[in-house]
């Protein structure tokens, strides 16, 4: 039966009105739900029930699948039931059902355990089993079962190696005998059932099935030939070499079979009962025996008494309740007598009044005592709760910096990360797209055939604004993305179609940068049409990549996936009129943006020259769009699958390395005593021991006896034995010391390998999903992008490498901001105190720590008593050997680049600047492929 919120869904019974109308109005129209057989008298009830069944909140009781509607869950249960009944041995079903009938067990698992232990070594005629012959298991069928009182006639032709044959010559009994009857009675303990009816005394006559029916055998392999040898043979065997296939009989399958065939009432100590239809089919008694009924009632009574006792112990003695009830009844009875008090004698009335007053006074005092007791208990509970120490780590907002932490030097305010030091200042959208693009190109450097480059080099390349000398980094990045997007499906002339639709939807076509849609589509017509076949060779400097870029945008872009398409294509295909407003080819776009005069483009030109006039924000928008498309390419998908496989292999290797390391450490601990003694012997104790032994060898016999006497010879032999033992002990200690040192070196190697596994794990995991280093107490995300994907933290010579060489801070997400708001105004006050007004980041806002001292201050500010900051601080501790050197090396590289003297000047650039000597211009793509 499908379940909803862990409760079985019961079918709706017909209403009393509907049942009454069956007699009064048999022709009344009703609404029938065919899938369940339910009947409703109104459409509203029918629709409500159907809507309930269609909700995705049901669970298949057999498989545990959730998120299904009622009919899906019901079909899943039926399918599993069909599969289970087809697998479960038919000869075993009746015996199992007879064993579980009327059993009182609280948990189904206990019932399954009891039944499994009873029948795992008991088999029935016509049952398919596995027989172990000479170490191989063969499928066979049980033809006949011989009880311990009957045994088959010995037949050598029916006995094979590995099978046990009966040696009795008594004739075979023809009448059927009851099999395993003792096992069907679960009231008998397992030990007693084996003693009364030992399954090992049963003998089974089996026939090996044909070769085709053997599991996992083929005619050409060894097992197939052996199966052919034993095919059709008869043999008599005991249960120790007979078993069932796990697909037909196991605890899980037995549990599903019992759950599907039995039921139990919800009352206390209710017995498990076989469903009536199934019991009738398999001949299970449905009338409970009187002895069994009495036993169940006794169990039920004991369980009820036990629960009653527990309840009374919890609520207090019943006598107090009875006293209260008696007092209330007495008072009520007195009140009922009040109207007739005038009819009583004066003395009796006075006595009743005194008794009533006394009861009222006692009740009042008792109520006051109970109130005082409640107040005292509440006070004690409050004090206990107040004194209860907080278990750390806990929620970060619950951690308050005390005076002790302040005296110990804990920082109260976080160092303010710089917003202006971000690559593109306070332009958060551009910064985020820039970081995402760089991360994508570095992470997937292997499938894209790109060598890693630093974030600084990428930033400078995006600011490169001259045609000559050309920037190899820009050419390689765009060319590899263009090659990758050739494998991504696209719609020919997608951008042109999108522009035409925009024109048709607008009444007035306002030009963008002075260029109309007709002019733009005309200029696009003859550029980049052959982009998916144009060779962009590395040896030729990727010549023509700008035209291929326009062609790629023409076929992949539209206003839906690239909103700035029109403006960027206009900048790529049109130049300003030099006669009206001269523009130097090497001028930067920042000067244009700062000019109050709007730029007007009117002269069609080649994108080869116009790309370098694009502002960095437009270049980032192009690369971000191309990266979003490239993520769906086959090369990236294949790389992701490869990363998953490598991660699995690394996890297994890490487990093996840790196991070996633990084994070595245990061996070192066992050798530690001998190793210390051997080290002491190596430091001089050996000479002392040898000196003492030599003194013993030269010692004369006791009492001045000469060495030639028998006693002197004995002394000399004893001294020689002691010297030999001393030498053996020292040799053992030296060997233990050498073994200890060897194991220590092996442990050091394994630790270095574990460090390498962690670095490789970070690289591969960063390819699958980019995750922040952690979160601080205010849900700011801390990012460190180094060492992921194709980038490495350690160079070939062991030198430190970096990608960004800094720590980025991103403001909390909208969801996290909602959590902060629910905390109330106290969180805002804390943020002002601990972050400062300048350090509070909005949603999606970025800032950065460039200086190592600032990063150290930030790590010192983290409070390990909070869950989030403890995890973040542990991450910093784990990766600090790479974070710190990376930040220092970046600072050193920036200082070296600033101090490089200008040996020559270029007429195309500013005086004193030699672009060819810039670090980003010296980058080369060592992974480039020349194939077109």
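What to note about this one:
- Distance in nm between pseudo-label sites at residue 600 and residue 268 (7 Å out along the Cβ direction from Cα): 9.5
- Approximate shape of region 427-489 as ellipsoid semi-axes (Cα gyration tensor, √5λ), whole Å, largest first: 19, 16, 12
- In nm, spacing of pseudo-spin labels at residue 293 and residue 65 (7 Å Cα→C-beta vector): 4.4
- One decimal place: the segment residue 745-residue 540 gains 68.7 nm when fully extended, by the rule 0.36 nm per residue minus the C-alpha distance.
- Counting only the Cα atoms, region 428-632 fills a convex hull of 132 Å³ per residue.
- Sorting 516-529, 430-443 by average packing, meaning the other beta carbons within 10 Å per residue, from highest down gives 430-443, 516-529.
- Rounded Å value of the spacing that divides the Cα centres of region 1-51 and region 770-844: 58
- Available extension along the chain between residue 24 and residue 500 is 164.2 nm, counting 0.36 nm per residue and deducting the alpha carbon span.
- The modelled label-to-label distance for the pair residue 32/residue 632, using points 7 Å beyond Cα in the direction of Cβ, is 4.9 nm.
- Here region 842-889 is described by how far its Cα atoms reach on the three principal axes: 32, 27, 15 Å, from widest to narrowest.
- Residue 400/residue 367 FRET efficiency (R0 51 Å; Cβ-Cβ; nearest 0.05): 0.75
- Taken over the Cα atoms of region 3-82, the convex hull encloses 97 Å³ per residue.
- Packing-based ranking of 59-71, 394-406, 783-795 yields 783-795, 59-71, 394-406, ordered from highest to lowest mean Cβ neighbour count within 10 Å.
- Working from the Cα coordinates of region 772-899, the gyration tensor eigenvalues give, after taking √(5λ), semi-axes of 30, 15, 13 Å in decreasing order.
- On the basis of the beta-carbon distance and an R0 of 56 Å, residue 722 and residue 927 show a calculated FRET efficiency of 0.20.
- Label point at residue 832 placed 7 Å out along Cα→Cβ; residues across region 387-419 whose backbone nitrogen lies under 17 Å: 413-414
- Per-residue Cβ neighbour rank within 10 angstrom, fewest leading, 1, 921: 1, 921
- Sorted largest first, the spans of the alpha carbon positions of region 74-135 along the three principal axes are 43, 30, 21 Å.
No value in this document is a laboratory result; all are computed from the given coordinates. Not measured: the values here are computed from a predicted model. All Cβ positions, even for glycine, are placed from backbone atoms using ideal geometry, and neighbour counts span all protein chains on display.
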